[in-house]
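Q: Got a structure here, written out as structure tokens. Questions coming.
The values are calculated or read from the model by the stated rules, or taken from the named source; none is laboratory data. Here the structure is a predicted model, which means the values were calculated and not measured. We place every Cβ from the backbone using ideal geometry, glycine too, and count neighbours over all the protein chains shown. Accessible surface areas use protein heavy atoms only, side chains included; no ligands, DNA or RNA. Shrake-Rupley method; radii C 1.70, N 1.55, O 1.52, S 1.80 Å.
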Amino acid sequence: MLVCKRFHSHVSRELRGFVSELVSTVTLQDADAAMDGALARMTGRIGVTLDSGLYGFPHYADPDTGVWTTTADGFWTGGFWVGQLWLTAYLLNDRRHADGAAAWCRRLAPRVDSRSVFRSFLFYYGAASGALLHDDAAARRLAIAAGRSVAADFDDQLGVIPLGAQAEEARSVGPSESNVDGLSACPLILWAARETGAADLAEIGALHALRSAALFVREDHSVIQSASLDPADGSPLRHYTHKGHSDSSTWARAQAWAMLFFTQAYRYSGDPALCDVAERVSDWWVAHAPAGEAAYWDFDAPRTAETRRDTSGTAIAAVALFKLAAATPDRGKAALYHRAARDTTLALALRHVTPVAQDDRRPPGVLADGCFDPREGTAVANELIWGSYFMLEALAIATGRLGPLTV
Ligand code: GLY
């Protein structure tokens with residue numbers, strides 16, 4: 001019980017409320033060992049997947065068998081596979097994973113000009129992270145080309161980069177739609193601005209972030225996923241959700257993406273208005289997320305024994321909180337965010353990363369219980385490639401192997 005007293009005697013009541021009995025009864029040494037073990041199992045699983053000779057990009061996996069459903073072109077998710085390889089190569093200082101990352105990264109090239117704002121996910125995690133972690137010149141060139149291409153989609157009338165005709169959600173909506181998932185454009189464009197010194201990229205990245213804050217962050221600092229915009233002047237015609245429970249609910253990944261990408265936008269732009277919005281959406285998460293467990297897939301989904309949790313959204317939130325703790329100038333809040341991030345990572349490691357155990361036949365190192373798309377009934381209790389990426393990043397940061405703002 002060493003931990004609890006040492007961890008929590010000096011922190012705020014709000015933070016103490018976030019820490020569960022589960023997490024607070026784990027000793028410091030046990031917590032470190034649990035996270036080290038989860039990290040080792042996850043990198044082991046990534047190695048197994050690399051060696052399995054998959055043709056397509058892993059998208060989601062059956063948690064019982066570990067068998068991946070793949071996509072031919074990477075959809076919006078394939079960059080997280082490449083990002084796992086870049087990050088594993090960094091953590092293990094290992095050529096095999098670095099070569100694998102470089103090879104899979106090249107396969108993203110045909111997507112540079114895809115008509116979808118979600119190609120930003122592909123190229124920040126699949127290519128920019130190769131530049132950030134390994135100084136890989138080819139990955140850097142590809143990521144900058146993608147950043148320029150995404151920025152060129154900025155629509156002056158709308159004031160944002162719209163979803164684009166080939167976006168996952170755009171099949172069901174028109175050309176003047178935006179959603180908070182599209183904030184993924186900001187880290188890619190703002191990173192490319194930093195790399196190249198291009199002022200137009202810096203301006204577009206900041207405009208997209210600030211307009212998204214006005215469109216998707218509600219007065220109580222919860223996040224609504226989507227908006228239809230008036231093509232004449234970009235004013236919102238309606239707010240709604242593509243993947244959440246309802247148009248007035250808070251879908252966990254909408255909140256988590258907002259936390260992560262406003263933090264990244266602040267970290268690359270230095271704009272205090274973006275720090276403010278990153279803190280507000282993060283404070284909302286810390287105040288509402290269940291202590292010591294993965295969040296439910298939607299904060300307002302009716303609760304039954306069958307209600308799914310979403311480990312992927314929770315892992316995104318953990319990474320966002322680690323980054324915000326490192327980026328915010330408010331050192332008091334930084335301690336709160338860091339503690340919440342670490343406790344969340346530990347809870348996921350203890351409860352949801354599959355173990356090596358004789359009585360558990362699941363492959364070890366799977367982040368189970370991700371919930372992709374309950375409205376479509378797709379992959380509602382699975383390993384999700386982006387969930388595993390963010391869990392790997394969270395564990396790497398929590399165990400001191402990766403700086404919180406390295407990626
Ligand atoms: N479209 C991003 C997500 O489903 O989280």
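Q: State which residue pairs qualify: first residue open to solvent by 10 Å² or more (accessible area, probe 1.4 Å) and inside the range 251-278, second residue more than 16 Å from the ligand (Cβ to nearest atom) and in a strand (DSSP E or B) in any location, beta carbons under 8 Å apart, and separation of 6 or more residues or different chains.
A: none
Q: Would you check if GLU306 is free of Cβ contacts under 8 Å to residues at least 24 places away in the same chain and in a loop (DSSP other than H, G, I, E, B)?
A: Yes; evaluated as a whole, the condition is true for this residue.
Q: Could you list, in sequence order, the residues of the range 230-289 that are among the hydroxyl-bearing types (Ser, Thr, Tyr) and part of a helix (DSSP H, G or I)?
A: Selection gives THR263, TYR266, TYR268, SER269, SER282.
Q: Yes or no: the range 315-332 includes at least one residue that is among the polar types (S, T, N, Q) and open to solvent by less than 10 Å² (accessible area, probe 1.4 Å).
A: Scanning the range 315-332 turns up at least one residue that is among the polar types (S, T, N, Q) and open to solvent by less than 10 Å² (accessible area, probe 1.4 Å).
Q: Further question: So which residues in the range 216-247 are more than 16 Å from the ligand (Cβ to nearest atom), free of Cβ contacts under 8 Å to residues at least 60 places away in the same chain and either open to solvent by less than 70 Å² (accessible area, probe 1.4 Å) or out of contact with any strand residue (DSSP E or B) (no Cβ under 9 Å at 6 or more places or on another chain) (or both), if there are any at all?
A: Passing the criteria: ARG218, GLU219, SER228, ASP230, SER235, PRO236, SER246.
Q: Still on this structure: Residues to consider are LEU163, LEU201; find the one that is within 24 Å of PHE262 (Cβ to Cβ), free of Cβ contacts under 8 Å to residues at least 60 places away in the same chain and within 14 Å of the ligand (Cβ to nearest atom).
A: The match here is LEU163.
Q: Still on this model: Within the range 371-393, restricting attention to residues that are in a strand (DSSP E or B) and under 16 Å from THR70 (Cβ atoms), which residue is farthest from the ligand (Cβ to nearest atom)?
A: GLU383
Q: Next question. Report those helices (runs of 4 or more DSSP H) wholly inside the range 41-138 carrying at least 1 residues which are within 26 Å of LEU405 (Cα to Cα), away from the ligand (no atom under 16 Å from the Cβ) and open to solvent by less than 10 Å² (accessible area, probe 1.4 Å).
A: 78-92, 95-106, 129-134
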